[in-house]
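Quick notes on the structure that follows.
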Amino acid sequence: MEALLESGPQALLQIVYVLVKDNTFGASPSDALVFISLIFSVLTLSSRLVFDDQYLFVPNANKMFPPSPAFLFRAFFRFCEVTARLLTLAYIWVIFGGRMLYVWWMVQIVILFIFYKSGYLGVEFWNVFGYV
């Protein structure tokens, strides 16, 4: 829950801030804090996704200490996925405005609900919101 309700919106707002911020006068000391916080938010989101999808993999692929190559690959893939998704949402926000994000999320929810009704997302209805 923390990743979805805190780190996700925080990372999105920080990316939008970085994209919109005017760098006419150079970098300020607070910029380093924003970047560090942004990196930790993205890491929190991606690590939550890695641990949420553990049941899909064989036990050897979940070995974290020392990490197996499959675990490292999955963690890197999730980090890239979260970063790409956040950047996409941030660019939609900057270019089209914040209201377009609601349209984007509603379209995703409708498509995922169709997948749920078709049986592709399992039996739990909340899986629809897990993919958004």
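All of the numbers you see were taken from the coordinates with simple rules; none came from a lab. No experiment lies behind these values; they were computed from the predicted model shown.
Below are the figures for this structure:
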quantity	calculated
Segment Ile39-Ile92, length gained on full extension (0.36 nm per residue, minus Cα span)	17.0 nm
Difference of contour (0.36 nm per residue) and Cα-Cα distance, Ile114 to Arg99	3.0 nm
